[in-house]
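Below: one structure, written as structure tokens.
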Amino acid sequence: FMPIPISGDVILVLELWMPEIYDIQDTGTEYQEAGRHVVRRPPLQGLLSYLVFEAHGLRIGLEITLCVACYSFLFSFLPWDLIGVPARWSGLLSWFCCCSLVILFDQLLLCRSAYALRKSYLLHLGGAFEQALQTLEQIGPRSSTFVPLPQHIYHLYRAEVFVQARNFVKAENELNFAQNNEADSGRIAVLRSMIHRLKGEYAAAEQELESAISTTRQASVLFFEAAMLNFDLGNNPWEAKRMFREVLEKPEMPHYAGETTHQLAKAYWNACRLKTGEAEEGLEQLSWFIERFRSAVAYIDTLRPYLSRLLLERSAYFAGHGDPAAALVDLRTAIVFCAYPSVLDKAEVIKDELEWRYKLPLVW
């Protein structure tokens, strides 16, 4: 067992061996029928959910506008001299009061559900799938929270948890509910492709992505996921390298991981170079991308699985080229960032190689 700090007081204890299919208690069974229909919310609550979970820039803009409006009112109409505030300080004090009130409202009330969603996602990254679902229920569409999670995002998150837990039947159900609630079709295609990938059905996974490319505006993202599919297959790094190069020739787009398709493709293209006769150049560039992504994961949780995979690739290279200490550091760091079963399976293979090749008694 290895205690891994995830966020603040959240400490997860990860067990390196995990069963192939997780028996998760589904705390959201009341949604199984309701998920087919849109949950009707008061218009104001729907607007707040949209601002918190989908329109961050618009929310910040509105809050700044509110600060300016409140400042103008306080500075013009509040009799500061009657409460003993000198005129030269009234403007600064007005601005401070307005900003403080808006920030407190945003952080303590408006975005509380967003923090719960992040906690759920971090639990899910740590392999604590049941706890992640329970946390997600606290802000679900039918919860009593002030700003509930929009239904299409709720079902997408539940689907992702079930996919990584390898509970594919429930994952398909959640994806159907998400599709009925007009969730992002590109994201649905990626998750369905991942189901096939984890089942070992690579042809079906590729077909799912190819079908979605022609029907969505996220071709670059789906091309990258197709390249990742080939990369995961592992038997032809030259073909994976070629596909990542093709991604770089497509328009750059934001990826669900929180980076752009070009930056992710460059990182994995260099990971392929470790196996295609360009290891020295590839290792230098790969290490640069790893350091860049490591500085970002404190703020971008969705980047962690992709960083973990890069760390595992570098760990495998170190393990095969006489540097077991560096391999072990990368191996343990990869598990800290993400403890998906697929990551743990790959980590177990590298761990076995280190024990066999270097006779190291590894204890997690």
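The values are calculated or read from the model by the stated rules, or taken from the named source; none is laboratory data. Keep in mind that what you see is a predicted model, and the values were worked out from it rather than measured. So basically every Cβ, Gly included, is an ideal-geometry build from the backbone, and we count neighbours across all protein chains shown. To get the accessible areas, we keep the full protein, side chains included, count just its heavy atoms, and leave off ligands, DNA and RNA. Shrake-Rupley method; radii C 1.70, N 1.55, O 1.52, S 1.80 Å.
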Next item on the list: May I ask you to order 187-197, 290-300 by the average number of other C-beta atoms within 10 Å around their residues, highest value first?
Entry: 187-197, 290-300
Notebook entry, point to check: How many nm is it between the label spots at Thr302 and Phe96, if each spot is 7 Å from the Cα in line with the beta carbon?
Noted result: 3.8
Next item on the list: Answer with one residue from Val161, Gly258, Met194: the one whose Cα lies farthest towards the positive end of the charge dipole of the chain, charges on Cβ with Lys, Arg +1 and Asp, Glu -1.
Entry: Gly258
Check: Can you give the angle from 0 to 90° between the axis of helix 185-199 and the longest principal axis of the chain, with both taken from C-alpha atoms, to the nearest 10?
Finding: 30
Item checked: Stokes-Einstein D in µm²/s, Kirkwood radius over Cα pairs - the stretch 275-364 at 37 °C with 0.692 mPa s viscosity -> 246
Notebook entry, point to check: Quick one: which of Lys119/Lys170; Lys119/Lys266; Lys241/Lys266 span more than 18 angstrom between C-alpha atoms?
Noted result: Lys119/Lys170; Lys119/Lys266
Notebook entry, point to check: Roughly to the nearest percent, how much of the accessible area of the stretch 232-304 is carbon and sulfur, given a 1.4 Å probe?
Noted result: 51
Margin query: Explain nothing, just the number: dipole magnitude of the chain about its Cα centre with +1 on each Lys and Arg Cβ and -1 on each Asp and Glu Cβ, in debye rounded to the nearest 20.
Written below: 620
Item checked: Cα-based helix-to-principal-axis angle, 56-77 vs the chain, degrees rounded to 10 -> 20
